[in-house]
Amino acid sequence: MRRNFVYIPAETSVSEALGIMRMARLRHAFVEREGQLLGVLSYRELQDREIERLGSSPLAAPPTAVVEEVMLEVPIAVTEDTPLRIAAARMTRFGVGCLAVVEADDRGPRLVGLVSERDLLRAAYPLL
C-alpha cells in the first residue's frame, strides 16, 4: 500500500484534473473532500470526455464540469488489513487497476492509501 499519493479535490475542473494526471503520470486518482473518499477518476475516461467535448459529442462533459460530476462514485475499496490475494481478486473481478485503501470514519470512508497492480506485482516478486 502506498500512503503517498495524489488525490484531486471534488471541485477541481475536469480539464485541470486531466492536466494534473498527465503531469504526474497517473492512471487513476481518487476524489475527496475534507479527507472523505467520494470517487475515483480514470485518466483514460477523462481523456475520452475531453475528446468528446472538443468534438461536441452530446456525452461530453461541459467545459465547466468539475470532477465530482464525472467521477465513478463507488470506487472499489479495501482496508489496511485486507489480504493481498483478496485485493488482487477484487481488481480482477471488477477490472480496475487500483483500489482505495480506506478506514472507517463517522462521516464515511476516509482515504488512507492506495494499492495498484504494480504494488501487487512488487509484493509477489520482491526481487524485481
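The values are calculated or read from the model by the stated rules, or taken from the named source; none is laboratory data. It should be emphasised that the depicted structure is a prediction, and the values quoted were computed from it without experimental measurement. So basically every Cβ, Gly included, is an ideal-geometry build from the backbone, and we count neighbours across all protein chains shown.
Considering the range 20-101, the qualifying helices (runs of 4 or more DSSP H), each wholly inside and each with 1 or more residues that are at pLDDT 85 or above and either farther than 15 Å from residue 5 by Cα or not acidic (Asp, Glu) (or both), run over 67-70, 84-94. For beta carbons closer than 6 Å, sequence separation of 6+ or different chains, a first residue in the range 27-52 that is within 23 Å of residue 106 (Cα to Cα) and in contact (Cβ under 8 Å) with a residue 40 or more places away in the chain and a second that is outside any strand (DSSP E or B) and of a type outside the set (Gly, Ala, Ser), the qualifying pairs are 31/67; 31/71; 36/107; 37/109; 40/75. Within the range 83-128, the only residue that satisfies the criterion of being surrounded by 15 or more Cβ atoms within 10 Å (Cβ to Cβ) and among the hydroxyl-bearing types (Ser, Thr, Tyr) is 116.
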